[in-house]
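The values are calculated or read from the model by the stated rules, or taken from the named source; none is laboratory data. Here the structure is a predicted model, which is why all the values come from computation and not from measurement. Here Cβ is always computed from backbone atoms with ideal geometry, including for glycine, and neighbour counts include all displayed protein chains. Side chains included, ligands, DNA and RNA excluded: accessible areas come from the protein's heavy atoms. Shrake-Rupley method; radii C 1.70, N 1.55, O 1.52, S 1.80 Å.
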Amino acid sequence: MSELEKEIKRRRTFAIISHPDAGKTTLTEKFLLYGGAIAQAGAVKGKKNTRHAVSDWMEIEKQRGISVTSSVMQFQYEGFCINILDTPGHQDFSEDTYRTLMAADSAVMVIDASKGVENQTRKLFKVCAMRHIPIFTFINKMDRESRNPFDLCEQIEQELGIPTYPMNWPIGCGKEFKGVYDRTKRHIISFTSNDEMVFGKHKIAASEVELSDPSLDSLIGADLHAALSEDIELLDGASEDFDLEAVREGRLSPVFFGSALTNFGVEPFLESFLQMTPPPLARNSTAGVIDPFDPNFSAFVFKIQANMNKAHRDRITFMRVCSGKFDKEMDVLHVRGNKKMRLSQPQQIMAQEREIIDEAYAGDIIGVFDPGIFAIGDTVCAPSKKFEFEGIPTFAPEHFERVRPKDTMKRKQFVKGAEQIAQEGAIQIFHEPNTGMEEVIVGVVGVLQFEVFQYRMKNEYNVDIIIEGLPYSHIRWISKLPVDDVKKLKLSSDTKIVQDFRDNYLLLFSSEWNIRWALEKNEGLELAEFSRGELQ
Ligand code: G4P
């Protein structure tokens, strides 16, 4: 096997998705601890009000002590080279979070055992499902009171529409939590809450006892033993067979129960997950499917982070390497600009440190300094083989405001600022039919983006803006119009027709109910939640 093949084969690039507070940060931190990338828990994120750790690059992040944009962490574990894409989850949830998922080859979905599937998980899941990437479920916080594990699995299946396969099964929960039954190895791993974990040395608080062993009565109690035997019989009888191919195609989600905070079940999960999750996936392009093992370098831009250094107005552009090997001395082709170039100061994020790098392989994420030439979705490849990767979809914003400059003389700066910020993908701009750009409708996925927009318009473009909230919460692209003019559609009075920068028509709705109403009243109308187009 060549060096290139070896390096690419050992890469695993995934995102961890969850609703805020389900335990994503805690789980990520435990992964990093196992990989030896950080020395102690708390290094990734301290207490909420003081955390400045990983990516507080923008001024606004520092002011609020939160991270506005997502970052990437790379570490080594048991021969694997792991890239974790961090997806911001609190009120800093934004389109960036969705776009980051475009760079992942699989996703780990963390669910709080007492809450089940929550809103943000639902949204992120949808994006992963659209790409048919493997989705692994970690049901967390079993050391607390939890919902019935059968109900949790059923909720995932019903609400997310993906069959599940429990890889292990919890024995009790909360104060009664005794561990899990490993369905593959068919033994118990018992939980001792005060057991000290020695990272990297595989000290697992495991007691490998068979289900039929009478000593289990004393280990977990006769009642729990009986209940467990019953549950396992039910599971073995009822659930589908484990099918790795279905997992790899995103048609079956393996489910693991554990407790990230107490380290319970984290390492077995990581090991099993790394075996099942695929190495870098092939991607579609204008030149057909691009094999990650193709020695020619190629990558696409999935995220642009503006103004990390205010003095220089630099942006950092994050690219996912899709094939071959990147070498910092190599010439690459920026396909949209049709320009040969060298990528400037390529860097990688190792846990919380950023480092200038010399090389990277398919599966890796690199960040490069960008004077403003890149846009989301751009392809960069070896000059000898020119093609473009399939575009990154535009995701439906959920919050809308009408925006105009306070000072009408600042119209030009206003338009420039709004367009540039939209081009970076931080906001989307729309306008009402037959109006110009002196007043726009700004749409965002997460409300914090409004603040970022207002802040940047003032600080970078010197424009104060007037904002008026709008009562809409859903936007849909019209994929099929059954009439010759959009104005002939039958719409409820609180539905608004808008246009994007390319003058495509879209519909703004104030509720799901209104969307259903429009679809019912206009036979043949088709609406889309994602748009497969370039950003403005
Ligand atoms: P997030 O990134 O998904 O938002 O969640 P995060 O890891 O920050 O976890 C949210 C809260 O849940 C944290 O407590 C964390 O300690 C706790 N937690 C995570 N995993 C487990 C678990 O397995 N069991 C229990 N009992 N708790 C867990 P916090 O007090 O809100 O935050 P902090 O002040 O400790 O950082």
Problem set entry | Cα gyration tensor, the range 394-531 - rounded (a/c under 1.5), prolate or oblate | prolate
Seminar exercise, completed: Applied in sequence order to the range 123-137, the curve 6.51 cos²θ - 1.76 cosθ + 1.60 (Karplus, θ = phi - 60°) yields integer Hz couplings, x standing for Gly and Pro, of 5, 5, 4, 4, 5, 5, 5, 4, 8, 6, 8, x, 10, 9, 10
Exercise. In the range 379-536, carbon and sulfur make up what percent of the accessible area (probe 1.4 Å)?
Worked result: 46 percent
Problem set entry | Protection proxy ranking of 497-510, 3-16 - average other beta-carbon atoms within 10 Å, highest first | 3-16, 497-510
Problem set entry | the range 120-167 and the range 6-36: distance between their alpha carbon centers, rounded to Å | 17 Å
Exercise. Taking amide H positions as placed 1.01 Å from N in the peptide plane, with prolines and chain starts having none, which residues 5 or more places from Asp86, or on another chain, fall under 5 Å of its amide H?
Worked result: Ser71, Val72, Met73
For this session: Using the heavy atoms of the protein chains and a 1.4 angstrom probe, tell me the accessible area per residue for the range 394-531 in square angstrom.
Result: 48 Å²
Seminar exercise, completed: Here the range 361-377 yields Karplus 3J(HN,Hα) values (6.51, -1.76, 1.60; θ = phi - 60°; whole Hz; Gly and Pro given as x) of 10, 3, x, 7, 10, 10, x, 10, 5, 9, x, x, 9, 8, 10, 4, x
Exercise. Can you give the FRET efficiency for Asp236 and Asp151, using 1/(1 + (r/R0)^6), R0 = 30 Å, r = Cβ-Cβ distance, to the nearest 0.05?
Worked result: 0.95
Exercise. Taking H as built 1.01 Å from N, whose amide H comes closer than 5 Å to the amide H of Cys81, not counting residues under 5 places away?
Worked result: Arg11, Arg12
Exercise. Counting only residues 5 or more places away or on other chains, whose amide H sits under 5 Å from the amide H of Ser510 once H atoms are built in the peptide plane?
Worked result: Ser473
